[in-house]
Amino acid sequence: MSRQGLGAVQMSIAMAIAGTIGWFVVVSQRSVLDVVFWRCVLGAVPLLVVCMHKGLLRDRITRRVLLFSVLGGVAIVLNWLLLFAAYSLASISIATAVYNTQPFILVCFGAWFLAERLTMAKLVWLGVAFTGLLLIVQVGVDTVGGTHYIAGIFMALGAALLWAISALLTKQLAGTSPYLIALIQVCVGALMLAPFADLAHPPVRLETWGILIVVGVIHTGLVYVLMYEAVHRLPTHIQGSLSFIYPVVAIAVDAIAFGQRLGPTQILGAAAILIAVVGMNGYGALRRSRKAVAISPDSA
């Protein structure tokens, strides 16, 4: 298998696994705080093994790396809390669709804080995603119990905002291993949530422990490793296209496991957001990569 083919397989598996996390969070029947706490604790184990294997713990960690990693960890853990809480309010499908506005928030951050160029193409896709978001919100306004639905949407949006903040902070750590950054982040999460987790009443059922282990070891440790390995093997446009698997799997899981069926307006809104994500991260990156190849044929 070619290097790019292996990367595509790794990214596809990672995204497919990530799309199932909502089911595990819901059926765990634990509080969101507890689920995220155990995700951090158990997710740190495989990440620690990888960091030790790669010899990343032998190098001195600078204050700058530690500071930005800790701040990013706080943001990413709060992101998990909001996203998981949104599942029970707006459904896994809608929360995931709204959460996928994160690339557009990051683009806006890049323009504001890093003086990155905001192209017309990006603005168009941003408009498409915003239109999709309005369609999804409108359903909540028009339905009974819409307050909880709207609250879930805003939680998912808050999660996307926090993800973008974490990504922006991580951008300042170019040259630092993503495995080490991820390890620091989950350790920060475990320390941050320990005072609030219900440690006096840990899970007693083996099924619950099994679910938490999967969320920590598989959805966190394994998925992170697969994604980071894939990133080194894939051009950006393929990464962007394959990321589409995550929300599609999440929506399918929600429909199969919980019978959650999206209405026509919700489908239209979710589709607009997801198409905009692929459009911006996929086709835009594809045009850039073709230009790069034209200038430097040996860049691959």
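Since every read-out is calculated from the coordinates, none of them should be taken as a lab result. Given the structure is predicted, the values throughout are model-derived calculations rather than measurements.
So what J values fall out for the range 213-223 if you push phi through Karplus, 6.51 cos²θ - 1.76 cosθ + 1.60 with θ = phi - 60°, rounded to Hz, Gly and Pro as x?
Residue by residue, the range 213-223 yields 5, 4, 4, x, 6, 8, 5, 9, x, 5, 4 Hz.
Quick one: if you take sqrt(5λ) for each eigenvalue of the C-alpha gyration tensor of the range 174-252, what semi-axes come out, biggest first, whole angstrom?
29, 19, 10
With the alpha-carbon atoms as the only input, what is the per residue convex hull volume for the chain in Å³?
On the way: hull volume 46.2 nm³, N = 300.
So the per-residue hull volume is 154 Å³.
Working from the pairwise distances between different alpha carbons, so that the mean of 1/r is found and then inverted, what is the range 223-263's Kirkwood radius in Å?
Numbers: mean 1/r = 0.0846 Å⁻¹.
Across the range 223-263, the inverse of the average 1/r is 11.8 Å.
When you take every Cα atom in the range 29-153, what is the radius of gyration, and what is Dmax, the widest Cα pair distance, in Å?
18.8, 57
Can you list, largest first and rounded to whole Å, the semi-axes you get for the range 23-88 by taking the square root of 5 times each eigenvalue of its Cα gyration tensor? Write down the numbers at each step before the final one.
On the way: eigenvalues 158, 49, 10 Å².
So the equivalent ellipsoid measures 28, 16, 7 Å along its semi-axes.
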